[in-house]
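Data first, discussion second: the structure below is written as structure tokens.
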Amino acid sequence: MKIYIMRHGEAASGTPDAHRPLDMTGQQEVARIADWFSSVMGEAGHRLKIVASPYDRAQQSARIVGRALNVDDIMTLPIMTPDAPPATLIDWLTHNVDPREDDAPWLFVSHMPLVAELVGQLVDGSPNARLPMGTADVIELEAQVWAAGCATLMRHVTPSTAALI
């Protein structure tokens with residue numbers, strides 16, 4: 001089974017943090033990633049299940065990708081905030097994403113440091129493992145079970161490399 005973990009696009013500065021929108025650069029970054037998803041997923045793109053942090057910039061990023069793939073339903077998951085512990089999301093994955101029931105891919109749109117720590121722990125298994133991610137970067141993972149150390153990193157796509165694929 002496959003999941004994608006995406007960091008939101010570049011956001012405007014300001015407060016409160018939860019309400020910072022994507023800036024123009026962030027919108028362009030996410031649009032390139034959305035085009036990449038369209039080219040990679042093709043007709044099957046509408047099957048993608050999109051889950052996003054409640055923060056505005058993650059919601060905007062998820063909607064841009066969703067529009068490109070004709071996915072209207074975006075789930076908001078309150079445990080996907082920047083400083084949330086990755087173990088909480090891994091536990092959620094274990095109980096909610098079962099490849100035996102549905103093989104549709106999932107996209108999780110969130111923030112640093114959560115995305116870096118989540119990928120690190122899923123692939124490496126160590127609670128201190130991290131994979132740094134730039135804005136709008138996407139990590140593709142595959143696993144038979146979603147638990148620490150059980151995933152394989154398939155690819156790391158950035159907005160600049162997405163245009164080359």
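The values are calculated or read from the model by the stated rules, or taken from the named source; none is laboratory data. Every value quoted in this text rests on a predicted model; they were computed, and no experiment measured them. Cβ sites come from the backbone with ideal geometry, for glycine too, and all protein chains shown count toward neighbours.
Looking at (1) in contact with a helix residue (DSSP H, G or I) (Cβ under 8 Å, 6 or more places away or on another chain); (2) surrounded by fewer than 17 Cβ atoms within 10 Å (Cβ to Cβ); (3) free of Cβ contacts under 8 Å to residues at least 40 places away in the same chain; (4) of a type outside the set (A, V, I, L, M), can you tell me which one Asn96 breaks?
(1)
Among the residues of the stretch 19-46, write down those that are surrounded by 14 or more Cβ atoms within 10 Å (Cβ to Cβ) and either more than 16 Å from the chain's Cα centre (by Cα) or over 17 Å from Ala136 (Cα atoms) (or both).
Of the residues in the stretch 19-46, the ones surrounded by 14 or more Cβ atoms within 10 Å (Cβ to Cβ) are 20-23, 25-38, 40-41, 45.
Within the stretch 19-46, Arg20, Pro21, Asp23, Thr25, Gln28, Met41, Gly45 qualify.
Take Arg130 and decide whether it is among the basic types (Lys, Arg), modelled with pLDDT under 95 and surrounded by fewer than 22 Cβ atoms within 10 Å (Cβ to Cβ).
Taking the combined requirement at face value, the residue satisfies it.
Which members of the stretch 70-119 meet the condition of being out of contact with any strand residue (DSSP E or B) (no Cβ under 7 Å at 6 or more places or on another chain) and among the hydrophobic types (A, V, I, L, M, F, W, C)?
Correct list: Ile79, Ala84, Ala87, Leu89, Ile90, Trp92, Leu93, Leu114, Ala116.
Based on what the data block shows, is Val119 modelled with pLDDT of 95 or more, on the phi < 0 side of the Ramachandran plot, crowded, with 18+ Cβ neighbours inside 10 Å and assigned to a strand (DSSP E or B)?
No.
Quick one: in the stretch 47-69, which of the residues that are in contact with a strand residue (DSSP E or B) (Cβ under 6 Å, 6 or more places away or on another chain) and farther than 20 Å from Gln28 by Cβ is surrounded by the fewest Cβ atoms within 10 Å (Cβ to Cβ)?
Pro54
Would it be correct to say that Leu131 is hydrophobic (A, V, I, L, M, F, W, C), touching a Pro at 6+ places or on another chain (Cβ under 8 Å) and touching a residue at least 24 places away in the same chain (Cβ under 8 Å)?
no
How many residues are touching a strand residue (DSSP E or B) at 6+ places or on another chain (Cβ under 6 Å) and closer than 20 Å to Lys49 by Cβ when one looks only at the stretch 123-151?
7
Within the stretch 55-85, track down each residue that is in a helix (DSSP H, G or I) and among the hydrophobic types (A, V, I, L, M, F, W, C).
Taking the stretch 55-85 first, the residues in a helix (DSSP H, G or I) are 56-69.
Passing the criteria: Ala58, Ala62, Ile64, Val65, Ala68, Leu69.
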